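Asker: One structure, as structure tokens, below. Some questions next.
The values are calculated or read from the model by the stated rules, or taken from the named source; none is laboratory data. Being a predicted model, the structure only gives us computed values, none of them experimental. Don't worry about glycine lacking a Cβ; one is built from the backbone with ideal geometry, like all the others, and counts go over all protein chains shown.
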Amino acid sequence: MAGSSLEELASMTVAELKQLCRDAGLKVSGLKQELVDRLRFAEIADDTDALILDDEDDEPIVEEVQEVTADLDAAREARITQLRERLLSEMKQEVEAKDEDEVLEAEILEADILDAEFDDEPFEDDLLDADIVEVEEVYKPEPLSPLDAAAQVTRSTRNVLTRPSTLAVLVVLSLLAGGGYWYYATNLDPFIADPVTYGDRMDFGINSGSLDIEGEEMVRAFDDATGGALQDVCTEMHVTFTGVGHVAVTRGTTSQLIDGSDTELIGAVQAQDHYGRTFLAVEQELEHDLSATFSGKTLVLDKCTTSFERPGYAFDQTTTTWTEITDKALLRSDSEVSLERDGAINRNRAVSYGLPTDSLTEFLPELLLPLKPVDLHSLFGGSLLKTGNTGTNDGWAWTVGDVIQTSGDSGLKVYLKHTDVEQCLGYAQMTLHVVPGSPWPVMQQVDMKIEKPRHDSPTCGALTELVLDQAFPDGALKLRYTMTRTTHTDGTGLIDWGAGYGGRPRAGDDVPTPGDAWGQEGLHMPDDASANQTSREWLLEGGVQCIITNAGDASEAAAAFSNGGYVWRAHDIRGQGAPQWNISWVDANGAGWVIVERTDTDGSCQMVTKGGYDSGDAPDFKREGIPETLSIGEVEQRLTDVDRYPVLASEILTSGELRDDVSIGYVLQLPPDSGDLLDFSSLLDQYREGGVVVNGEREWEADGFSHTLSYAIDAERARMVGWVISSSNS
């Protein structure tokens, strides 16, 4: 290279120039003009160093530098313009890129620019590399001796100002500092919502919360949910609340696996379904700890006119759900609500299995727990979250808004509304702040109003009208709140939804088959000694025979049984002396009820009391709607299985048998007539079939509280519906 003129270097091929760069320990990337410039300036630097060391006159060097500079002015200006345009073009492409390699390249470029702008000593080797966008092979010379290395560093620091690449970078940086850099730093790359993982947890605060309830039926529904704490409230109620809470996903251990070889599913836990079968599931806990003020109308002297306001309520709620891994179906939910004020405590614990087919919770699944942080991945799936993008899922229509700064991170604002609610019930709207890496929103604003009178809107379908009319109380409900993330703990294992596993029950495993078609001509759901599956001393068979035997005292019921009538509801009464049965009957002429009592173990019995039903309260007489069922004893056997329902068993069993203060019986729920279904027979088959439910209650006192337990289990296949325990110390 020594002594090479500009013309000689220009006449060489690119390969020859790159070889000269390798020999001189210079970079070999770039166009031909860049290689020429690099070699020429390196040669001048060598000559400059030698002259300085010899302490000779430096005028020739100055003249040579000026000459070379003049020769390269045009090339340098063109190169600066080219690099500026190239960097800006690359930057624009990186913002829109979806490919991971392109995003990584953009991040490298950004890091180089930031280093060059803010480094206290900007003219180091890292700045010299800032103009490298295309990745090419770079020659790595053999290690230098200490003296050679020191000399090369000296040349590098003196020559950097004269490099065209460095000047181009400085020009671009000055442009970016004028406005372009702000765009690049605050623009958020599109992202996909992260799914929840085992061990994820988010703590949050709730403020500006308000719940307005109007209508007697709606108020009574909330009174039931709080265990009777609102029994003196009538027609309207208003609640304002603030507080804290958390949502967390349990991470199970290896011991929770059904098959120990399914190590890829570590994190799941074992959970029972409605038949008591064991599956692998994801366990999630949602908890709220709120302070509330209640106001509204209260009943005084049979008039609902007096207003009240009661601050100082503590409202605590904890809900745990188990969702099966393979089908991603809800197996069970366990929710406990506690309302306390001035030492008076009301608690309600409800355990349910899946979602009942005729409930509002299936129609509007996202409204099941309105204070629950939205599962972003379930809502958005694999949709790319980017300003302007839209989509729909489970009735929610969403639109991605602007980039925002939230919780110290760049995020997106997303607007949602529930189209089905708007068509039939009122409105349900949410605003979410979402950030990359969080499975839940860092901020969630909810504004919803549910009003039953709107269910007859012309935009509401006939099936929806039927479901809402049967399942939703009369009245209106309005809810508003803001939920904000306070802390987030990352989980440690992805949930493999859809995965199979060893030991998973199949669809028909351990599901009993109904064998009794008593609806054809039977008098009642089978419950006789031949089943031999109960410890109860007096079965329903004995109670019905008591009515027939004592026809003179229960003549209406006895006549009904002899003329095709049947028992549509019956419950035993034990623990209060002699065993009794409360039996409700119906035939083509009417309906009534009779309580009979066994007076001796030899089968002697007597009628205790009886009565009739008003025409509006009497059930339809329709044998064809009665399905085949198991016997009461068969259902009882599964109900009392400790391994199937361990939580319930602890409340209703003693020594493996039903406690004396636990009742058991059944109720027949017939389908409506076809005329009541607006003749949409093809759409409403699921509502045509009747159902028989085995149910019962228990009442007891313990630890200063009065407790009431109610349970229900399907009589056709012994499918558990759930149970509720209400407790109060007032």
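Asker: Looking at segment 648-662, I want the residues that are of a type in the set (S, T, N, Q) and have a partner that is not in a strand (DSSP E or B) with Cβ atoms under 9 Å, at least 6 apart or on another chain. Which pairs are those?
Answerer: As it stands, the answer is SER650/VAL642; THR654/ASP660, since those pairs meet every condition given.
Asker: Considering THR305, THR320, THR298, which residue is within 30 Å of ARG506 (Cβ to Cβ) and either out of contact with any helix residue (DSSP H, G or I) (no Cβ under 9 Å at 6 or more places or on another chain) or basic (Lys, Arg) (or both)?
Answerer: Among THR305, THR320, THR298, only THR320 is within 30 Å of ARG506 (Cβ to Cβ) and either out of contact with any helix residue (DSSP H, G or I) (no Cβ under 9 Å at 6 or more places or on another chain) or basic (Lys, Arg) (or both).
Asker: For the subset of segment 651-709 comprising residues that are in a loop (DSSP other than H, G, I, E, B) and at pLDDT 90 or above, which member is nearest to LEU539 (Cα to Cα)?
Answerer: Per the criteria, the residue is ILE664.
Asker: Oh, and also: Only one of these is outside any loop (DSSP other than H, G, I, E, B), surrounded by 13 or more Cβ atoms within 10 Å (Cβ to Cβ) and among the polar types (S, T, N, Q): GLN545, GLN533. Name it.
Answerer: Of GLN545, GLN533, the one residue that is outside any loop (DSSP other than H, G, I, E, B), surrounded by 13 or more Cβ atoms within 10 Å (Cβ to Cβ) and among the polar types (S, T, N, Q) is GLN545.
To keep it simple, each residue is scored yes or no on (1) in contact (Cβ under 8 Å) with a residue 24 or more places away in the chain; (2) among the polar types (S, T, N, Q); (3) in the same structural domain as ALA558 (by TED's automatic domain parsing).
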{"residue": "ALA591", "(1), (2), (3)": "yes, no, yes"}
{"residue": "ARG598", "(1), (2), (3)": "yes, no, yes"}
{"residue": "VAL608", "(1), (2), (3)": "yes, no, yes"}
{"residue": "GLY611", "(1), (2), (3)": "no, no, yes"}
{"residue": "PHE621", "(1), (2), (3)": "yes, no, yes"}
{"residue": "GLU624", "(1), (2), (3)": "yes, no, yes"}
{"residue": "SER631", "(1), (2), (3)": "yes, yes, yes"}
{"residue": "VAL642", "(1), (2), (3)": "no, no, yes"}
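Asker: Now for a separate question. Working carefully through the options ALA559, ALA570, find the one that is among the aliphatic types (A, V, I, L, M), at pLDDT 85 or above, in a strand (DSSP E or B) and closer than 27 Å to LEU670 by Cα.
Answerer: ALA570
Asker: Do you know which of the residues in segment 222-253 that are assigned to a helix (DSSP H, G or I) and under 25 Å from the mean Cα position of the chain (by Cα) is modelled with the highest pLDDT?
Answerer: Of everything passing the filter in segment 222-253, PHE222 is modelled with the highest pLDDT.
Asker: List pairs: first in segment 1-27 and under 13 Å from ARG40 (Cα atoms) and exposed (fewer than 15 other Cβ atoms within 10 Å of the Cβ), second of a type in the set (Ser, Thr, Tyr) and modelled with pLDDT under 80, Cβ under 9 Å, 6+ apart or cross-chain?
Answerer: Partner pairs satisfying both residue conditions: none exist.
Asker: Which of the residues spanning segment 259-286 are outside any strand (DSSP E or B) and closer than 25 Å to VAL721 by Cα?
Answerer: Listed by number, the residues that qualify are ASP273, HIS274, TYR275, GLY276, ARG277.
Asker: Among the residues of segment 603-647, which ones are in contact with a helix residue (DSSP H, G or I) (Cβ under 7 Å, 6 or more places away or on another chain) and under 16 Å from GLU541 (Cα atoms)?
Answerer: Once the filter is applied, which keeps residues that are in contact with a helix residue (DSSP H, G or I) (Cβ under 7 Å, 6 or more places away or on another chain) and under 16 Å from GLU541 (Cα atoms), segment 603-647 yields GLY603, CYS605, ILE632.
Asker: OK, next. Need the failing condition index for TRP585 against (1) under 48 Å from the mean Cα position of the chain (by Cα); (2) part of a loop (DSSP other than H, G, I, E, B), just the number.
Answerer: Of everything listed in (1) under 48 Å from the mean Cα position of the chain (by Cα); (2) part of a loop (DSSP other than H, G, I, E, B), TRP585 misses just condition (2).
Asker: Among the residues of segment 324-336, are any more than 24 Å from MET237 (Cβ to Cβ) and among the hydroxyl-bearing types (Ser, Thr, Tyr)?
Answerer: Yes, some residue in segment 324-336 is more than 24 Å from MET237 (Cβ to Cβ) and among the hydroxyl-bearing types (Ser, Thr, Tyr).
Asker: Please go through segment 183-210 and give me each residue that is in a strand (DSSP E or B) and either crowded, with 19+ Cβ neighbours inside 10 Å or at pLDDT 90 or above (or both), ordered by number.
Answerer: THR197, TYR198, ARG201, MET202, ASP203, PHE204, GLY205, ILE206, ASN207, SER208, GLY209, SER210
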